[in-house]
Amino acid sequence: MSVIYGRLNLTTPVTIDELSLMENKLKHWTPDDAGKWMKEHVGLGSLMFYNTPESLNEKLPLTKNGLTITADARIDNRDEICLLLNLESDCALPDSTLILMLYEKYSNDCIKHIVGDFAFAIWDEKAEKLFCARDHIGIKPFFYYSDKSFFAFASELKGLLHIPGLNRALNMQFLYNSMFRNSEQYDRNTLYKYISRLEPAHTLTFDLKNNNLKTERYWDMDAVTEIHFDNRDDYYEAFCKEFERAVECRLRTAYPIGIELSGGMDSSGIAGVASSLLKPEGRELIAISNTIPRHITEGEELEKSERRFIDAVVNFNGIKRSVITVSDQPAHPFEDIDFMLYVNDGPDTWQQQWQIPIRQAAQKEGIRTLLSGFPGDEMVTYRGKYYFLDFLDKKQYLKYLFAKREFQGFRRLDPLIPYSIRYRLHTLKNSLGIYNKHVRNARKIYNIPAENIRAKGDVNWRSPLLKEQFKSYRHYQKWRFLRYHLPARMESETRFGLYFGLEPRFPMADIRLTQFYLSLPNYLKYEGDLHRTAYRKALKDYLPQEVLERDNKRGNMTPYRNPEKDENIIKEKAALTRQMQNEMYAALEGIHLIKPQAIKNRQVSTPMARWLQKNWKDQVIE
């Protein structure tokens, strides 16, 4: 995990000061190495984070035969790539070098051969073009800006926002969508109108000769193909092998490795496989969990928590180091919110204050790789919700109509209504003012223009994924897995990782594993009395009986707070909170963003209000 940045000037040479400005804003952490390269109109930079054994000898940017690369990349199919490049399978070349060699051989098509988490940029001197790419799921961040004088990119908005001449106008629809519901944003959008994200599974090519920027999708999930084996055990065995490979390729690190262990099916399976793979090498997995403290050994609090399942996984796998995070309230009422807004450079799609204690604990343990069970629920350990769509595929209409309605969620007739009609109903509801609670609450507080309210929800409705959502059960699963909030969370966790010196890795997002699961016969995904049948049977040797037999999730991921609280401290913090809120509300009313009655009712979203109060006057509103 590293930070990358770069600049391409259209008419003037790039200067060292222009690159240094970007580097200084991005260098808010302590990188293991740093490098800059520039030639005429282009400049590239890197802030290196060592993690894989190969990265210890990596120097970026790297130049070879008129090609220069900067990359934040972890390749998960190194053996296949080494074979393509006629290299030894155990070669010690850094991942960025392999990518550059692939580009030298295949040009833009190099992306078709890479599996892993990556964001990179390659300057092709002969073709006079900058070729950039982002991984299939969007785990590694990549932001960019382009106007008539220059193109620039960076791993964080910080690397772009302070460039002289950059248009910092706010994307008002993004801002208002954040007030409605954070997750409703386009893949490419940011809070800033002219700064974009490179979408997952996309390449970007900037042709300097023709002053042309083009983005293209290079991958999509296959929601049609179904795999077939001779018997059920073959499916489970193949599933297990795919899962083992997804975990194994993410264990490649020269440093301690940890896991966010919640006691649920996802992280427990990963912990089991990771432990079994690490032990023969003499390596240990460190488990970190948000749950109740160790001194609580009985009673209702223990029964309602996840800790007994966490302990079962730890004991079953012989994990020697298991850390419980217990956090007090922040010393400052908005300390964790301020930190989140600083990391995101303002309001963004994913907020994760609740993960801070786990990352702090991982940092103390010297962990540089932190495994996560996310997004298992969205595909590989999907509970089978809306499984009855499979009956539509098979034209078994009576089974569809009378299937168990345990997980209803939408009217049973919705899949039978054409998308165009459902979309018209959505726009009609907006026009008539028939809103959900998120919009109603936002309207009470903020002065939101009517056109922005009408556009609420269009992000989802105009997605090609939603248009095909009910085409088949597999298309529904594909929609769940590729909708925007998944990459938004994983990208955010990657950026947050910098602040704690660690790289989050997501075996459940492995494109080979997820494609395999999607291609399984559908009945394997929802048969049986317990949900996640295929996963249970495939991973039965890696899960303790307590987890194998559970069919629910208790508690939540929020860190437990210190039960022994000082009442005077609570009162002081509450008074300070009220004072700060009143100051924010007054400032926001002065710029006509909120309605006057919101001050009296104190209903303003504190994270949003705090950021706007501090930053609004520096922004351009168009």
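The values are calculated or read from the model by the stated rules, or taken from the named source; none is laboratory data. Small disclaimer: the values here were computed from a predicted structure and weren't measured. Cβ sites come from the backbone with ideal geometry, for glycine too, and all protein chains shown count toward neighbours. For accessibility, only protein heavy atoms count, side chains too; no ligands or nucleic acids. Shrake-Rupley method; radii C 1.70, N 1.55, O 1.52, S 1.80 Å.
Suppose the filter is open to solvent by 40 Å² or more (accessible area, probe 1.4 Å), within 23 Å of the chain's Cα centre (by Cα), at pLDDT 95 or above and more than 30 Å from residue 175 (Cα to Cα); does residue 245 pass it? Don't jump to the end; show me each part of the working.
Working: open to solvent by 40 Å² or more (accessible area, probe 1.4 Å): yes; within 23 Å of the chain's Cα centre (by Cα): yes; at pLDDT 95 or above: yes; more than 30 Å from residue 175 (Cα to Cα): yes.
Judged against the criteria, residue 245 is a match.
Among 266, 230, 234, which is the only one that is free of Cβ contacts under 8 Å to residues at least 12 places away in the same chain and either part of a helix (DSSP H, G or I) or open to solvent by less than 20 Å² (accessible area, probe 1.4 Å) (or both)?
Numbers: 266 fails: free of Cβ contacts under 8 Å to residues at least 12 places away in the same chain; 230 fails: either part of a helix (DSSP H, G or I) or open to solvent by less than 20 Å² (accessible area, probe 1.4 Å) (or both).
Result of the check over 266, 230, 234: 234.
Annotation: residue 469 fulfils all but one of (1) in a helix (DSSP H, G or I); (2) open to solvent by less than 60 Å² (accessible area, probe 1.4 Å); the unmet one is (1). Within the stretch 182-198, is there a residue that is in contact with a His (Cβ under 9 Å, 6 or more places away or on another chain), in contact (Cβ under 8 Å) with a residue 40 or more places away in the chain, outside any strand (DSSP E or B) and surrounded by 23 or more Cβ atoms within 10 Å (Cβ to Cβ)? Yes - at least one qualifying residue is present in the stretch 182-198.
Scanning the stretch 301-313 for residues that are within 21 Å of residue 549 (Cβ to Cβ), part of a helix (DSSP H, G or I) and modelled with pLDDT under 85 returns 302, 303.
Listed by position, the helices (runs of 4 or more DSSP H) contained in the stretch 354-463 that have at least 3 residues being out of contact with any Phe, Trp or Tyr (no Cβ under 8 Å at 6 or more places or on another chain) are 356-364, 397-402, 419-431, 437-445, 450-454. Evaluated against (1) in a loop (DSSP other than H, G, I, E, B); (2) of a type in the set (D, E, K, R); (3) touching a residue at least 40 places away in the same chain (Cβ under 8 Å); (4) in contact with a helix residue (DSSP H, G or I) (Cβ under 8 Å, 6 or more places away or on another chain), residue 112 falls short on exactly one condition, (1). Residues in the stretch 161-181 that are farther than 30 Å from residue 437 by Cβ and open to solvent by less than 30 Å² (accessible area, probe 1.4 Å): 161, 163, 166, 169. Taken together, the residues in the stretch 340-349 that are in contact (Cβ under 8 Å) with a residue 60 or more places away in the chain and either surrounded by fewer than 20 Cβ atoms within 10 Å (Cβ to Cβ) or assigned to a helix (DSSP H, G or I) (or both) amount to 4.
Pick from 158, 129: which is open to solvent by 10 Å² or more (accessible area, probe 1.4 Å), farther than 19 Å from residue 209 by Cβ and not hydroxyl-bearing (Ser, Thr, Tyr)? Let's see the steps before the verdict.
Values: 129 fails: farther than 19 Å from residue 209 by Cβ.
From the options 158, 129, the qualifying one is 158.
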